[in-house]
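The values are calculated or read from the model by the stated rules, or taken from the named source; none is laboratory data. What you see is a predicted model; the values in this text were computed from it and never measured. All Cβ positions, glycine included, derive from the backbone under ideal geometry; neighbour counts span all protein chains shown. Quick note on the areas: whole protein, heavy atoms, side chains included, nothing else; ligands and nucleic acids left out. Shrake-Rupley method; radii C 1.70, N 1.55, O 1.52, S 1.80 Å.
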Amino acid sequence: MFKKLSAEFIGTFWLVFCGCGSGVLAATLPEIGIGLVGVSLAAGLALMAMIYAIGGISGGHMNPAVSVGLAVAGKFPAANIPAYVAAQVAGATMAGAVLYLIASGTANFQAGGFASNGYGDLSPGGYSLTAGFVAEVVLMALFLFIILGSTHRRAATDFAPVVIGLSLTVILLVSIPITNTSLNPARSTGVAFFAQTAALSQLWLFWLAPILGAVIGALIWKVVGEND
C-alpha cells in the first residue's frame, strides 16, 4: 500500500502543479501567454503522462472522485478510498505550496484566485452556483464513464491514458469559464488554501459535485457498458 499511496501523492502533485501552474504562471504572460487552450492542454497532457507512469502501481487515480467512482463500479476496493484520498489531497496541497513559493518570486506577485475553483463572483465567467453544480456533475459523470470505457477489457487499453488525457483537455476547454474546472476535489483543495479570495468557503461544491458525478457515471456504466 505504501507504494500505491506514494504513487498517488506524486501523481496528484504533478497533475496539480502542471495544470494549475500553467494557469498561474503561464496563461497570461505578456505576449506569449498560453491562454485557455494552453492550460487545457497542459492539464490533459500531464494527466496522460502520469497515468502511463503510475497506472501500473496505483491505478493512476489522482482524484478522490475517480477513486469513489471506480469503487462504485466495482473496480476498486472501497476500503482503500480514505487512504487514497488522503494521499491525493496531500499531494495536491504540496503542489499548491510549491507553486505559491515559485509564483511569489516576482516583485509584482498577487495570488488572487490562484487557479482556484468558484461560482458566482469567483467564477471566471460569472456563472451561478446552479450552473457550476450542473456542469461539474455532468462533466464528471461523463469523464468517469470514459475512464471506465477506455480501461475496459474490450478496449485498446494501451491507449487509455491518451483517451483520458485528451478527454480532460476537451472538458477544460468547455468548462474553465464556468468554474475554472474542478472535477477533482484534491485539485480544488490544494490551491484554495493559497487563494486570496473566498475559495475555501466554496470548496464544498467542488467535493460534492465531482463525487456525485462520479457515482452517477459509474452507475450509468454498470447499466450501459458492463454487460459481460
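Below is a table of values for the structure above.
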read-out	value
Residue list for the range 60-94, filter: of a type in the set (Gly, Ala, Ser) and more than 18 Å from Pro185 (Cα to Cα)	Ala73, Gly74, Ala79
Single residue of Ile211, Ile220 found to be open to solvent by 30 Å² or more (accessible area, probe 1.4 Å) and farther than 23 Å from Cys20 by Cα	Ile220
Sole residue being touching a Lys or Arg at 6+ places or on another chain (Cβ under 8 Å) and either β-branched (Val, Ile, Thr) or over 25 Å from Gly217 (Cβ atoms) (or both), chosen from Val89, Val16	Val16
Qualifying residue in the range 149-157 (condition: at pLDDT below 95, assigned to a helix (DSSP H, G or I) and open to solvent by 20 Å² or more (accessible area, probe 1.4 Å))	yes
Verdict on Ala53 being touching a Leu at 6+ places or on another chain (Cβ under 8 Å) and part of a helix (DSSP H, G or I)	no
Qualifying residue in the range 82-103 (condition: of a type in the set (Phe, Trp, Tyr), modelled with pLDDT under 95 and open to solvent by less than 40 Å² (accessible area, probe 1.4 Å))	no
Residue count, the range 60-79 (criterion: closer than 21 Å to Phe145 by Cα and part of a helix (DSSP H, G or I))	10
Given (1) within 20 Å of the chain's Cα centre (by Cα); (2) outside any helix (DSSP H, G or I), number of the condition Met140 does not satisfy	(2)
Candidates Gly165, Gly125 - the one that is in contact with a helix residue (DSSP H, G or I) (Cβ under 7 Å, 6 or more places away or on another chain), under 18 Å from Ser40 (Cα atoms) and part of a loop (DSSP other than H, G, I, E, B)	Gly125
Residues (under 14 Å from the mean Cα position of the chain (by Cα) and either among the acidic types (Asp, Glu) or open to solvent by 30 Å² or more (accessible area, probe 1.4 Å) (or both)) located in the range 169-186	Val170, Leu173, Asn180
Of the criteria (1) aliphatic (A, V, I, L, M); (2) in contact with a Leu (Cβ under 9 Å, 6 or more places away or on another chain); (3) surrounded by fewer than 18 Cβ atoms within 10 Å (Cβ to Cβ), which one Ile32 fails	(2)
Residue match in the range 3-16 (condition: of a type in the set (D, E, K, R), over 16 Å from Ser188 (Cβ atoms), open to solvent by 20 Å² or more (accessible area, probe 1.4 Å) and in a loop (DSSP other than H, G, I, E, B))	no
Filter result for Val191 (within 13 Å of the chain's Cα centre (by Cα) and either touching a residue at least 40 places away in the same chain (Cβ under 8 Å) or within 20 Å of Phe76 (Cβ to Cβ) (or both))	yes
Hits in the range 170-209 (condition: small (Gly, Ala, Ser), assigned to a helix (DSSP H, G or I) and within 19 Å of Val24 (Cβ to Cβ))	Ser175, Ala186, Ser188, Gly190, Ala192, Ala199
Selected residue [under 26 Å from Leu142 (Cα atoms) and either part of a loop (DSSP other than H, G, I, E, B) or small (Gly, Ala, Ser) (or both)] from Ala95, Ala87, Ala107	Ala87
